[in-house]
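Take a look at the structure below.
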Amino acid sequence: MSLELNEQFQKVINGLTEKFPGDVIDVYQSTGDTFVRVTPGAIHDVCTYLKEEQHFIYLIDVFGTDRFTSEDRFEVVYNILSLRDRLRLFVKVWLPEEDPEIASVTGIWECADWFERQTYDMFGIRFTGHPDFRRIYMPEDFEYFPMRKEFPLLGIPGSIELPSSTPDPE
Amino acid sequence: MGLENTLSEGYLTTKLDTLVNWARSNAAWPMPMGLACCAIEMMAFAGPRYDVSRFGSEVMRFSPRQADVMIVAGWVNYKMAHAIRRVWDQMPDPKWCIAMGACASTGGMHRCYGVVQGCDNFLPVDAYISGCPPRPDALIHALMKIQDKVRTEHSVTLDT
Amino acid sequence: MAIEDLTKKVKPKFFKEHQESLYKSLEDKHTTIEMLEDEDPLNTKMVLNMGPQHPATHGVLRLVIQLNGEIIEKTKIDIGFLHRGVEKIAENKTYQEFMPYTDRMDYLSPYNNNVALCAAVEKIADVEVPERAHYIRMIGCELARISSHLLWLGTMVMDAGAVSFFIWTFREREKLYDIFDQLTGHRFTVSHARIGGVANDITDDAMAMIKDFANSFPQEIKDWHKLLDRNRIFFDRNEDVGVLKTEDALQMGATGPTLRASGYAYDLRKFSPYARYDEVEFEVPTRLEGDNLARYYVRMEEMQESIRIIQQCLDKLPKGPVRTDNAKQAYPSKDEVYYSMEGMIHDFMMTDTGICPPEGAEAYHAVEAPKGELGYFIQSDGTGHPWRLKIKSPSFANLQVLEEILDGEMVADTVVIIGGVDPVMGEADK
């Protein structure tokens, strides 16, 4: 597929495909943004390379998507920015439905901490090596993952407790 | 016998009632449970233009032990609901509750898994205000309705 | 250690597992203060819970702080008390129907959120927006920025002690509310921006009010500067408090004025300009110290730059339509809807189905909200409802930074630091 990238971006993509020949599955553009899909096992190395060699020092966001396909149901997207070259890149991985796990990038960018917790809370994707792995929005007692497509919008009755309408004796 | 006569609907208790109710209604100190956007309108309601201290709510008391009226402003989450209930239980009697805005009254535009569809699921609400967010004038109107409600209570015989 | 197993002492009344895991992770967190590790003679260590209902945490934020005397050793922030599942709601609404939800996210400056959603949808569906609409959006965004910074100023200075500031800034905010009321019909959760333009044109009354405001506001800022800039109390409360070092700022993900007060001049209006920001002149205020005082200066200067932008926009405002004509992409004007058949049908189709971006398209667009970078990532599946709408909210990232900069500070400075970082919980909790 033909990509219209400016010179610096082309250098980044070339460097990436040279360094990780088997792991970069797809590079494409959509409405002006550039997306790179890599294999899940290589994400830590790819991110370290992008941060150290290509100067993508600012992690903007990490989030998940539910593709709702039978193969590779979940997708995790990393939104990274290079301030020196003024480039924005999206790195994606696809994860299977049973037991989705991926290495955490908190060692590379510290701010990935809460973003990964949010992805776990909403989709159930586990991040190995995360320093403080808990849910962030819903309480720990909640058993479901709300953003999955099969979770109903109105919630599951009884999944989360409501306080009583009579005064507490204590 | 004589005590029962004086404590029922006689001249003495109604006059005492009026006095106590007049005092209570004109000094209803609100406890703002300001959660979301309605909290900003509540701040404006305490602000310079829609000054609520002229209605007696001189200060916003953030401690529940010192407040009379709790204004739930904003949507109530399941996680937050427990905290609100605990705060409500800590408020001493007599106390009233205003559900400000569509989200506190019925869940509003947020019909989804995280939001309690109306804080009257766990709180006894006295006044509901519609609006998203309601204008501060609407909140003053609700406060005046609570004041009317207070004035018709049988305060003296309440605890007997 | 000096505090025995916390989880044995905590007897939570509700959400047992949640509370226990929170206190456990507080214990496990590395402390920055290494003295007095064993046998604490005064027994000064204590865990303090600044609970979700608190006068000075801006919204519902819960901080669990471990104290050593007056100094904070480590903190853990518990959020999610205002979580609604807005992203899940977005998957069931059309793009235009989602507009009011964006207002309620960063509810201090709703106009920026509207423009963010509109710009993202316009990017993914390739919609042309007329010039006049861009300028009206810019004026609205800058007025909302001033409104948000006014509230920040009022509450931060009130938390530091000066209560009358709150009243003064709210007086100015009431003027802004009047302008928004005249311009859009609502005081503050406006949903003025529409996909393809804005809802209605700016009237002459509104123009006059904006001009009055822009002329009288700089004097107010000067007065406040005179009051605060040489105030010994304000300086002592804010200088060297909550320092975010330059080398840590990007690593921790700070954004907006918090990042700019630590030295990085990263402003999306200059980095990737949207809505004709490249045609107006303004500066990006930056400071190097990274303490609360630097954040105060950055936001005050941002307010002055906003006034400058508004005045330039009012001069340059071009004539023309305020919404694009394409019926598949934008609502027709109300005249057409009431008086022609096609207009009515288009209105119906836009409300029922909405704008349909191409299938498989993905787009990300970010705007410079007063709190930082507010970005919308949309994945479309060809229908009028987005498949996935991810909102990157700046307050979420700034709260993460807050967890780090509170370590080592005095507990009395907590409220001032929270005020300086200025989180909005509706946005952080989505």
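The values are calculated or read from the model by the stated rules, or taken from the named source; none is laboratory data. These figures come from a predicted structure and were not determined experimentally. Reconstructed Cβ throughout: ideal geometry from the backbone, glycine too, with neighbour counts over all protein chains shown.
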Does the range C:322-329 include one or more residues that are among the β-branched types (Val, Ile, Thr), touching a helix residue (DSSP H, G or I) at 6+ places or on another chain (Cβ under 9 Å), under 30 Å from C:PRO218 (Cβ atoms) and more than 14 Å from chain A (Cβ to nearest Cβ)?
-> yes
Can you tell me which residues in the range C:244-266 are out of contact with any helix residue (DSSP H, G or I) (no Cβ under 7 Å at 6 or more places or on another chain) and in a loop (DSSP other than H, G, I, E, B)?
-> C:LYS245, C:LEU250, C:GLN251, C:ALA265
Single unsatisfied condition, C:ARG145 versus (1) charged (D, E, K, R); (2) in a loop (DSSP other than H, G, I, E, B); (3) surrounded by 17 or more Cβ atoms within 10 Å (Cβ to Cβ) = (2)
The one condition C:LYS392 fails out of (1) within 14 Å of chain A (Cβ to nearest Cβ); (2) without any contact (Cβ under 8 Å) to a residue 40 or more places away in the chain; (3) more than 30 Å from A:ARG148 (Cβ to Cβ) is (3)
Scanning the range C:185-207 for residues that are touching a Phe, Trp or Tyr at 6+ places or on another chain (Cβ under 8 Å) and of a type in the set (Gly, Ala, Ser) gives C:ALA193, C:GLY196
Would you point out which residue out of C:ASP236, C:ASP291 is surrounded by 14 or more Cβ atoms within 10 Å (Cβ to Cβ) and out of contact with any Leu (no Cβ under 7 Å at 6 or more places or on another chain)?
-> C:ASP291
Which of the strands (runs of 3 or more DSSP E) contained wholly in the range A:67-110 include at least 3 residues that are within 11 Å of chain C (Cβ to nearest Cβ)?
-> A:74-82, A:87-95
Has the range C:362-380 got any residue that is crowded, with 24+ Cβ neighbours inside 10 Å, in contact with a Cys (Cβ under 9 Å, 6 or more places away or on another chain) and closer than 17 Å to C:LYS74 by Cα?
-> no
Residue, nearest to the other protein chains (Cβ to nearest Cβ), within the range C:334-368, restricted to residues that are among the hydrophobic types (A, V, I, L, M, F, W, C) and touching a Gly at 6+ places or on another chain (Cβ under 7 Å) = C:ALA366
Which of (1) in contact with a Gly (Cβ under 9 Å, 6 or more places away or on another chain); (2) over 22 Å from C:ARG84 (Cα atoms); (3) facing chain C (nearest Cβ under 10 Å); (4) of a type outside the set (A, V, I, L, M, F, W, C) is the odd one out, the single condition B:ASP51 does not satisfy?
-> (1)
How many residues, within the range C:84-109, are within 19 Å of the chain's Cα centre (by Cα), in a loop (DSSP other than H, G, I, E, B), more than 8 Å from chain B (Cβ to nearest Cβ) and buried (at least 23 other Cβ atoms within 10 Å of the Cβ)?
-> 3
Is the range C:114-128 home to any residue that is farther than 22 Å from C:LYS390 by Cβ and out of contact with any strand residue (DSSP E or B) (no Cβ under 8 Å at 6 or more places or on another chain)?
-> yes
May I ask you to say which residue of A:TYR137, A:TYR58 is touching a residue at least 24 places away in the same chain (Cβ under 8 Å) and within 12 Å of chain C (Cβ to nearest Cβ)?
-> A:TYR58
Can you name the number of the only condition in (1) more than 15 Å from C:ASP106 (Cα to Cα); (2) touching a Ser or Thr at 6+ places or on another chain (Cβ under 7 Å) that C:ILE146 fails?
-> (1)
Just one of the numbered conditions (1) crowded, with 18+ Cβ neighbours inside 10 Å; (2) modelled with pLDDT of 85 or more is not true of A:GLU52; which one?
-> (1)
Go through the range B:1-21 and give me each residue that's modelled with pLDDT of 70 or more and assigned to a helix (DSSP H, G or I).
-> B:TYR11, B:LEU12, B:THR13, B:THR14, B:LYS15, B:LEU16, B:ASP17, B:THR18, B:LEU19, B:VAL20, B:ASN21
Can you confirm whether the range B:63-74 contains a residue that is surrounded by fewer than 21 Cβ atoms within 10 Å (Cβ to Cβ) and within 14 Å of chain A (Cβ to nearest Cβ)?
-> yes
May I ask you to list pairs of residues, at least six apart or on different chains, whose Cβ atoms are under 6 Å apart, with the first in the range B:45-64 being more than 13 Å from B:ARG135 (Cα to Cα) and the second being of a type in the set (S, T, N, Q)?
-> B:GLY56/B:ASN26; B:PRO64/B:GLN90
Leading residue by the ranking (nearest to B:ARG85 (Cα to Cα)) among those in the range A:118-170 that are among the aliphatic types (A, V, I, L, M) and surrounded by 16 or more Cβ atoms within 10 Å (Cβ to Cβ) | A:ILE160
Does B:ILE40 satisfy being more than 16 Å from the chain's Cα centre (by Cα), within 11 Å of chain C (Cβ to nearest Cβ) and in a helix (DSSP H, G or I)?
-> yes
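Every residue in the range C:49-81 that is of a type in the set (Lys, Arg) and either in contact with a Cys (Cβ under 7 Å, 6 or more places away or on another chain) or over 23 Å from B:ARG85 (Cβ atoms) (or both), please.
If the condition is that a residue be of a type in the set (Lys, Arg) and either in contact with a Cys (Cβ under 7 Å, 6 or more places away or on another chain) or over 23 Å from B:ARG85 (Cβ atoms) (or both), then C:LYS74, C:LYS76 are the ones that fit.
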Single condition C:ALA397 does not satisfy, out of (1) more than 23 Å from C:LEU67 (Cα to Cα); (2) not in a helix (DSSP H, G or I) | (2)
Is it the case that the range B:48-59 has a residue that's more than 25 Å from C:TRP152 (Cβ to Cβ), touching a Ser or Thr at 6+ places or on another chain (Cβ under 8 Å) and surrounded by fewer than 23 Cβ atoms within 10 Å (Cβ to Cβ)?
-> yes
Criterion (within 14 Å of chain A (Cβ to nearest Cβ) and touching a residue at least 60 places away in the same chain (Cβ under 8 Å)) met by exactly one of C:LEU228, C:LEU250, C:LEU244 = C:LEU244
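Taking into account only those residues within the range A:31-47 that are assigned to a loop (DSSP other than H, G, I, E, B) and within 14 Å of chain C (Cβ to nearest Cβ), which is surrounded by the most Cβ atoms within 10 Å (Cβ to Cβ)?
A:THR31
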